[in-house]
1. So, L74, is that one farther than 18 Å from P35 by Cα and in contact (Cβ under 8 Å) with a residue 12 or more places away in the chain or not?
2. Within region 10-49, track down each residue that is assigned to a loop (DSSP other than H, G, I, E, B), open to solvent by 30 Å² or more (accessible area, probe 1.4 Å) and out of contact with any Pro (no Cβ under 7 Å at 6 or more places or on another chain).
3. Mind checking whether some residue in region 50-72 is surrounded by fewer than 21 Cβ atoms within 10 Å (Cβ to Cβ), among the hydroxyl-bearing types (S, T, Y) and part of a helix (DSSP H, G or I)?
4. Somewhere in region 116-128, is a residue of a type in the set (A, V, I, L, M, F, W, C), part of a loop (DSSP other than H, G, I, E, B) and at pLDDT below 80?
5. I'm checking my understanding of the structure. Among residues of region 73-89 that are under 10 Å from L42 (Cα atoms) and part of a helix (DSSP H, G or I), which one is most open to solvent (accessible area, probe 1.4 Å)?
6. How do the pairs read when you match residues in region 14-27 that are closer than 13 Å to L111 by Cβ with residues anywhere that are surrounded by 10 or more Cβ atoms within 10 Å (Cβ to Cβ) and hydrophobic (A, V, I, L, M, F, W, C), using Cβ under 8 Å and keeping only pairs 6 or more apart or on different chains?
7. Would you mind stating whether G152 is open to solvent by less than 10 Å² (accessible area, probe 1.4 Å) and touching a residue at least 40 places away in the same chain (Cβ under 8 Å)?
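The values are calculated or read from the model by the stated rules, or taken from the named source; none is laboratory data. Just so you know, these numbers come straight off a predicted model, no measurement behind them. Note that each Cβ is placed from the backbone with ideal geometry, even for glycine, and that neighbours are counted across all protein chains shown. Accessible surface areas use protein heavy atoms only, side chains included; no ligands, DNA or RNA. Shrake-Rupley method; radii C 1.70, N 1.55, O 1.52, S 1.80 Å.
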Amino acid sequence: MSDIDDGRILIGGQDISRLRQTDLRSLIAYVPQEPAMFHRSLRDNIAFARPGAADEEIHAAAAAAHVTEFADQLPDGFGTLVGERGVKLSGGQRQRVALARAILRDAPILLLDEATSALDSESELLVQDALWRLMDGRTALVVAHRLSTVAGMDRLVVLDRGSVVEEGTHEELLAANGAYAKLWQHQSGGFLGESTESARRHPAPGAGPIGLPGPADPAPNGDHRTSSHAHTRTRPT
């Protein structure tokens, strides 16, 4: 999206500044907080991630992201026009379409930016398993504010006002009793001893699926954006 001010970003040991932009983008699947939708059919909006994909592949990706649950109820199914910016779909439905795009793209790097913020509790449960299957075997970078749902990540990086203030695993950051631990206690009602597995299986009330939090809880000072948290999950490919 933009050049860095200092340092290097490496993918597979190669500086991305030496890659062609088209090659770099082909390695990445992106699920934003507010997915872009086109005034085309539901099928076309999913296929946008990989033009030329077969119908079987598109429907498989839609099923994995639980798009079929609502697609079957639309007037023309996958042929239904979604309207300008997807106005005929709810926010949660649009985010499920974005997840289907990421599944169809099948890229080795996954970027998730508050990817389930528009999902209701029922939708979160529907996509939880799909999200973890999608992250498996990939490098996943997850930007989130809800902490109880990212405890299973391999590495957590805590940002405050643009600076890295902490990094480590969930357990290491709780033991450090720093910014992450305080925010975890604030969001989870003080259950700091909750294990990672317990956090994965029993997220705090209102939490999104694992690794992908829902809407941000207010920070103690009332500012929703004073603390940001980047979470990474890396698996060998």
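1. Criteria met by L74.
2. Within region 10-49, G12, G13, L19, R20, Q33, E34, A36, F38, H39, R40, F48 meet the criteria.
3. yes
4. Yes, the conditions are met somewhere in region 116-128.
5. G79
6. Taking only residues 6 or more apart or on different chains, the pairs are L24/I11; L24/I16; L27/I11; L27/A107; L27/I109.
7. Spelling it out, it is not the case that G152 is open to solvent by less than 10 Å² (accessible area, probe 1.4 Å) and touching a residue at least 40 places away in the same chain (Cβ under 8 Å).
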